[in-house]
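A short write-up of the structure that comes next.
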Amino acid sequence: MSGLRDLTLKPKYGLGDDFLNDVYVPLLGRAIRYTRAVGYFSSSGLASVGSGLESFIRNNGSMRLMASPVGWSPQDVEALSGRREIPRELAARLARSLITKSDIERDHLSVLAWLMREGRLETRIIIGPKGQLFHQKVGMFWDSRDDAVGIEGSNNETLAGWDSNIESLSVRRSWLDQEAWFPATIAELDRLWQGGPHSRSYSLPEAVRQELLKYVQHRPHPIPKPVGKPLQLYSHQQEGCDRLLAAWPESRLLADEVGLGKTITASAAMQALQAEGKCQRVLILAPANVCIQWQEELAEKFSLKVPRLVKNHLHNVDGSEHAAVNPLNETMLIASWHLMRQPTWRSRLLQGPDWDLVIVDEAHHARRRSPGSDLKSGIRRPNQFLELLEGVLSKVADTLWLLTATPVQLHLVELFDLLNVIKPDSEPQSSPLGSWFKFERFYTALAVPEGDRSWATLGMGVGETVPVQLDPHKYSELKPFLRRQLTRFGRPGRDAVQDADTLVKHELREELLESIRQRSPGSRLMLRRTRRDADMQGAFAIRRPSKEAIEFASAEERSLYQELDAFLAGLWAMRHGRDKGFGFLLSMYRRRLTSSWQAIERTIQRALAATGLPDDEMELLESGLDASMSDEIGSSDNEEGFSTEEMEVLRRFAARIGGTIRGGGDPKISSLVQDLHTCRLQGRSMLVFTQFIDTLEYIRDTLQSTYGSQVGTYSGQGARLFKDGTWTSVSKEQLTLALSNGEISILLCTDAASEGLNLQTASTLVNYDLPWNPMRVEQRIGRIDRINQAARTLSIRNYVMLDTVEEQVYDALRERIRVFEGSVGELQPILGEVENLVAESTVSNLARNLESHIAAKGNKGKPIAAALCY
């Protein structure tokens, strides 16, 4: 069972915070004991936390409540003077107050009654020593590990107290802070319960108890119906939800920018469909490290208890698990697409019952192994995940929702492939999705300068789609024949060239291009909203990216780099095209060379020992996260490896690198230490990303002597904190909590952390080295750049070794960022000054900028990047 330590809690909650869903529901859902002293208590307050109470009941939780009665007058309180029990007339009034005709209220009371009957709810009425009503508001939660969380503030145990009132709340954790507070508070609660000189304590009258017990329903675990307000969606999330519902049962690609809440949008739409009876069987596929996050968010935000498949066991949100006999028969199921892409599970999916809806998270990992080479050779090589989408899920799912903030990773054909997975059966034969040739030709025609544009191609591409509806306010004065030409451009029987010429002459070219974009497959099948669309003033921080140019510490280091890089480049030239797997490893050597001397030294040592890359890096690369230089990892059956002469050269290089490391003076580490010092002076926490576990361990060991337990790590090996003199594995929830409460202020990560972690309590990010895929950089930044990031500005520092392959990586990222912006929509700044070209660009002038840039490179035929609609 998940414990209290697994929760991410803030020390203080106030105006704008969601007490109910962020504090009370998660705490109650993980607790086995709950003691609460409040001013007022009502059954609606307890019932409003239905999802948390369900888990509490199933955890065999017990409650102890102390409160003043609602609605008692000073005269009523005076009537208690000198009495040890509540007078009969007051008891009768309390009993009558429980009588209700409301089904919802009866359901709420049945929960209290059931807990009382089972001996798991004790209640005391507390009055002050002079007859005043009790106003102290303290709560204590304990879990099965005997960890405790204390809450203290002005919330009453009523629906309004948790949901509507503007209150404040302090949170304390027994394992972190205020250790003296806990025994003192427990002793105080015990004194209140027993009564004494400072308070009077009364048992619940028997008449009230008997009236309450009438509501006991004959079911083992009564679950209350939530009466609190439903989860409030942001406007852009509601718009996305509405568009998914309007498109049902057609499939869609949800590509909102990182941090806008695609999970919430999709979950809200799914729940709305279930409420209408349109959708019952739902399969949710996500990366393995994100599945538990899906499970917890569905439980805590939507009161949906969805089992999670791990190997051959079903794990429930309350922590219980059991063997999965036939998990694909579950009505709702969460599983990793890493598991489902395996041949055995693909076969079971095809043989099992169909699904009304399949939601696929982080769908950009479904891609070709080498898009550019595939298109050149005409041989298509999808990875296992794309095969799962195309060959299995498209057959067993009535509707597919693909979720990704970055549908274009390395090549525009990746977007083409994803759109083809979800295109409806009614997609016109003339659609650009009919073939890559049509797709390329259509978007080329949309992007090229005016004189070269083929209106006939554009008309054919959208001619069979539904005409756009013009805004009557904007086009009310437009002549009828121009409206017809604008809305029906390309329709069968119309001359697209003639209509376009007429519209251009009437200065309606931009309006025509916009209508074509709206009718193109990207706009029809893909939903993408950016922060600008979200219109959430103050909810996001401003990115401040910068390029941090770093020079070698000495001429000797520069010479060593140049010699080793030239050696590796020479091997690449000799082997390229003959041994692809070996060529890929050589490219990795070059990239490790500028990451850190330690990384390349360990890599060479592995080569000399005939071992490969660390397992976690191979897993990332094989998943398609960052295989931009690879045709196919390990694809060659006749991999030659290093010759004897080459091994001897590597051995000499390893000796020279060892001398360089011992000489000290690492300029990257020096820059990092300086940035850390500045960051800590500003009260900021920092994330440091590297592609390589060797570099992470080197940074960790270097910082350890100065920063001690302030350093945490997250890699393919999981989350780790430095405790009691050793590195200890912890859950990612515990790691997130450690960062949020200040237990650590520096988190070192490989790209294993670039998905599934929300780390917005940090506000500085260092890219110690840069992957060749800009969307990987965007995913990194997305860990801290999320809704309600506390800092107003985010510092993104990109380290680049001058005159090395890192500068080439930086330039390659510039090109790929421009391709993404033209194809999918704007990105928040990633690299810094290199994005000035597109910072103020519209889609149309971005096309011209790209066109001139590509022409200058001598590479015609790729202007389609700028034309793809958003």
- Taking the highest mean first, how do the peptides 4-11, 244-251, 187-194, 688-695 order by number of other beta carbon atoms within 10 angstrom per residue? 688-695, 4-11, 244-251, 187-194
- Query: Given the pairs Lys137/Lys214; Lys12/Lys301; Lys547/Lys732, which span a C-alpha to C-alpha distance of over 27 angstrom in this model?
  - Reply: Lys137/Lys214; Lys547/Lys732
- Mind ordering 697-709, 255-267 by average Cβ neighbours within 10 Å, highest first? 255-267, 697-709
- Taking 341-354, 515-528, 483-496 and ranking on average Cβ neighbours within 10 Å, highest first, one gets 515-528, 483-496, 341-354
- Query: Hey, how many Å between the Cα centroid of the range 249-328 and the Cα centroid of the range 366-443?
  - Reply: 24
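The numbers here are math on the coordinates, done by the rules we state, and not lab data. The model shown is predicted, which means the values in this text are computed figures rather than measured ones. Glycine gets a Cβ as well: all are built from the backbone with ideal geometry, and neighbour counts include every protein chain shown.
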